[in-house]
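Student: Quick one: structure below, then a few questions.
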Amino acid sequence: METPYNFVSPKSKIFKTISNVFLAFLAFLVFMSGISGAFAQTNTSGITDNLSKRVLIKDITSAQASILVDNGIDLQCGAIHTHDALQLELSAYDLGLLKDLNINYDIVIDDLVSFYKEREERELPIAKAELAAAKAAQLSQKQKSSINSATQDSFLQYAGAEEIAWSIPNNYNLGSSFGGCFTVSEVLSELDDMRTLYPALISARADASPTSETTYGNTLSSAANNFAGQTVYYVRIHGDQSATEGDKPQILFTGMIHSREVSALMNNMYLMWYLLENYGTDPRVTELVDNNELYFIPVVNPDGLRWNEIIAPSGGGLQRKNLRVNAGDSGSTSSGNTSRGVDLNRNFDYFWGSAGSGSSGSPGSDAYRGPSAFSEPEARILRDFVLARNFQTVLMNHSFANSIPHPYGGIPGNASGREDEMHNWHAEMTRYNRYVSGATIFSAANGIADDWMLGGPTDGNGEVGSGQAILGTTPEHGGSGFWPGATNITPIAQRAVRIYLASIYYGGKYARFHDLTQSDIAGLSSDLTFGIERIGQTASDFTLTVTPVSANIDNIVSP
């Protein structure tokens, strides 16, 4: 059981043992990363169909895993490590690469898109019914009791044995038909509804690009599926919408830089409704919204999401990249068309293109880094949006490994010098959900957004980065697939609430209070000892006020 102030209390011995084995294994993968330069990347040789599959690589060695990383197989999003086996969800291109590398695998699911599609169609009606029932039960409970559950001034001070039972926002819903996920148009409609209902708390959606740059759009497929370049939108939640941007600490939350990662989007939408609906009734939420500027870009990659709507209208599309037209791209709407696009989370200018570091130079790969750093409009839009502000913390939400890695991308020898801050922040985020976190929990990856945000010319790594020293991280939410069963979407979102709130606290002007006084005070006069631990990135002074709550306490001198 956790103690009120032991915010870094150790995990159970079993969990710790598993974590240590897991971390040691992945650290060795990184160590072995230099040995596979002789393996060339090809396409789908030896593959008899064009289907994405879930596969299991048994008895995988460290050398084999390192070879996968060096050839652009992503061992972060969607990889599940179980002792000496590795489960992956791969396109036909990447399956062909496994064959070329002589790495054997067993097929767990032969047609992943069909599997997701059938599961979403089966579960979505159940999920909607369960969500409606949960809201009704919640409303009934509120009518029976007038007791306010907000007994602390800060979610940081909560020290219960179990996580807070986060309420389901009344306006939060699942997507209408797209596997429970919102379509691009539904996301925009949700943002507009938020503005209509809470104009004092949330801005109208606005163009995230300072230069009005748009995405590629789609012009290669049939006329019915064509669409022009899209605007990437953001909103700001803050208690004073008339205030100039930058008056308060700025925090950023993004989703769907990889456009098949459903929970990355839906968690954002859940949290936004939670903040809006609880403002004014929960003093903890009110304080956070009044004293911070919370920015949301729910869909960084709208083209990829729109493409998934086209190739799999019921859900289950596996387009991860944007829609850059690469050589050999026919414009086919087949779910097996892997030639389309660039992995936007390999396109940032921090270790971009470094040899053997988890990206690919081949357009067919899901980890294709693009022809140059910031070659993609979506990456430039996010870059320019960030550089125009002063963000303290950033969550680049992904799915589905239930883990939170630290920068810099698991690349050995390139420490940020801020690992202690990262560990404290991540300890708060994982206090109850027990996501695995750390700098080397994943194998290396280069050109990723949070590395660029934290990095700068003075960090000693020889890279440029944003130069703003932003604490950024990439939570991997979910655990049950890029398209989680629709009945799991809401529970995954609830599990992520603390991750979001912790990021606000660690970006703003906050401290954690520690009572260090021994409980057995024997005399009528005693010293009381307290600790104030500053955790926020924004500098601030703090004042401790001690107020007697009993008439038996005669006098307290100033601290």
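The values are calculated or read from the model by the stated rules, or taken from the named source; none is laboratory data. Computed from a predicted structure; not experimentally measured. We place every Cβ from the backbone using ideal geometry, glycine too, and count neighbours over all the protein chains shown. With ligands, DNA and RNA removed, areas are computed over all heavy atoms of the protein, side chains included. Shrake-Rupley method; radii C 1.70, N 1.55, O 1.52, S 1.80 Å.
Student: Condition test on D329, is it touching a residue at least 60 places away in the same chain (Cβ under 8 Å), over 16 Å from Y198 (Cβ atoms) and among the acidic types (D, E)?
Tutor: Considered against the rule, which asks whether it is touching a residue at least 60 places away in the same chain (Cβ under 8 Å), over 16 Å from Y198 (Cβ atoms) and among the acidic types (D, E), D329 comes out as yes.
Student: If you don't mind, another one. Under the condition of being in a helix (DSSP H, G or I) and not hydrophobic (A, V, I, L, M, F, W, C), which residue from region 192-206 is most open to solvent (accessible area, probe 1.4 Å)?
Tutor: Checked region 192-206; the qualifying residue most open to solvent (accessible area, probe 1.4 Å) is T196.
Student: Here is a check on your reading of the model: is A539 within 30 Å of I251 (Cβ to Cβ) and part of a loop (DSSP other than H, G, I, E, B)?
Tutor: Taking the combined requirement at face value, the residue satisfies it.
Student: Identify the residue in region 483-508 that is of a type in the set (A, V, I, L, M, F, W, C) and touching a strand residue (DSSP E or B) at 6+ places or on another chain (Cβ under 6 Å) and, among all such residues, is farthest from F178 (Cα to Cα).
Tutor: Per the stated criteria, the residue is I504.
Student: Within region 484-514, can you find the residues that are open to solvent by 10 Å² or more (accessible area, probe 1.4 Å), out of contact with any Phe, Trp or Tyr (no Cβ under 6 Å at 6 or more places or on another chain) and not in a helix (DSSP H, G or I)?
Tutor: K509, Y510, F513
Student: Give region 249-285 a look and list any residue that's under 14 Å from A502 (Cα atoms), among the aliphatic types (A, V, I, L, M) and not in a helix (DSSP H, G or I), or say none.
Tutor: Passing the criteria: I251, L252.
Student: Can L156 be described as within 28 Å of D290 (Cβ to Cβ), part of a helix (DSSP H, G or I) and either open to solvent by 20 Å² or more (accessible area, probe 1.4 Å) or in contact with an Asp or Glu (Cβ under 9 Å, 6 or more places away or on another chain) (or both)?
Tutor: Criteria met by L156.
Student: Within the group S314, S330, S339, which residue is in contact with a Leu (Cβ under 8 Å, 6 or more places away or on another chain), small (G, A, S) and open to solvent by 10 Å² or more (accessible area, probe 1.4 Å)? Quick ask: steps written out before the conclusion?
Tutor: Details: S314 fails: in contact with a Leu (Cβ under 8 Å, 6 or more places away or on another chain); S339 fails: in contact with a Leu (Cβ under 8 Å, 6 or more places away or on another chain).
That would be S330, the only listed residue that is in contact with a Leu (Cβ under 8 Å, 6 or more places away or on another chain), small (G, A, S) and open to solvent by 10 Å² or more (accessible area, probe 1.4 Å).
Student: I want to confirm something. Restricting to region 422-459 and keeping residues that are over 23 Å from G361 (Cα atoms), of a type in the set (A, V, I, L, M, F, W, C) and in contact with a Lys or Arg (Cβ under 9 Å, 6 or more places away or on another chain), which single residue is surrounded by the most Cβ atoms within 10 Å (Cβ to Cβ)?
Tutor: Checking each candidate, the answer is L454.
Student: Could I ask something else about it? Out of R324, R320, I need the residue that is of a type in the set (D, E, K, R), in a loop (DSSP other than H, G, I, E, B) and more than 21 Å from the chain's Cα centre (by Cα). Which one?
Tutor: Details: R320 fails: more than 21 Å from the chain's Cα centre (by Cα).
Answer to the selection: R324.
Student: Quick one: in region 209-219, of everything that is more than 30 Å from S332 (Cβ to Cβ) and in contact with an Asp or Glu (Cβ under 8 Å, 6 or more places away or on another chain), which residue is most open to solvent (accessible area, probe 1.4 Å)?
Tutor: Restricting to residues being more than 30 Å from S332 (Cβ to Cβ) and in contact with an Asp or Glu (Cβ under 8 Å, 6 or more places away or on another chain), the top hit is T211.
Student: Are any residues in region 220-242 without any contact (Cβ under 8 Å) to a residue 12 or more places away in the chain and part of a loop (DSSP other than H, G, I, E, B), and if so, which ones?
Tutor: If the condition is that a residue be without any contact (Cβ under 8 Å) to a residue 12 or more places away in the chain and part of a loop (DSSP other than H, G, I, E, B), then N226, S242 are the ones that fit.
Student: With of a type in the set (G, A, S), crowded, with 17+ Cβ neighbours inside 10 Å and either in contact with a Leu (Cβ under 7 Å, 6 or more places away or on another chain) or over 22 Å from Q76 (Cα atoms) (or both) as the only criterion, which of G481, G472, G462, G467 stands out?
Tutor: G472
Student: For region 67-89, give me each residue that is open to solvent by 10 Å² or more (accessible area, probe 1.4 Å) and part of a helix (DSSP H, G or I).
Tutor: I67, D70
Student: Need the failing condition index for R324 against (1) of a type outside the set (F, W, Y); (2) under 30 Å from L90 (Cβ atoms); (3) open to solvent by less than 10 Å² (accessible area, probe 1.4 Å), just the number.
Tutor: (3)
Student: Select from region 419-444 the residues that are in a loop (DSSP other than H, G, I, E, B) and either at pLDDT below 85 or hydrophobic (A, V, I, L, M, F, W, C) (or both) and list them in ascending order.
Tutor: Answer for region 419-444, where residues must be in a loop (DSSP other than H, G, I, E, B) and either at pLDDT below 85 or hydrophobic (A, V, I, L, M, F, W, C) (or both): A439, T440, I441, F442, S443, A444.
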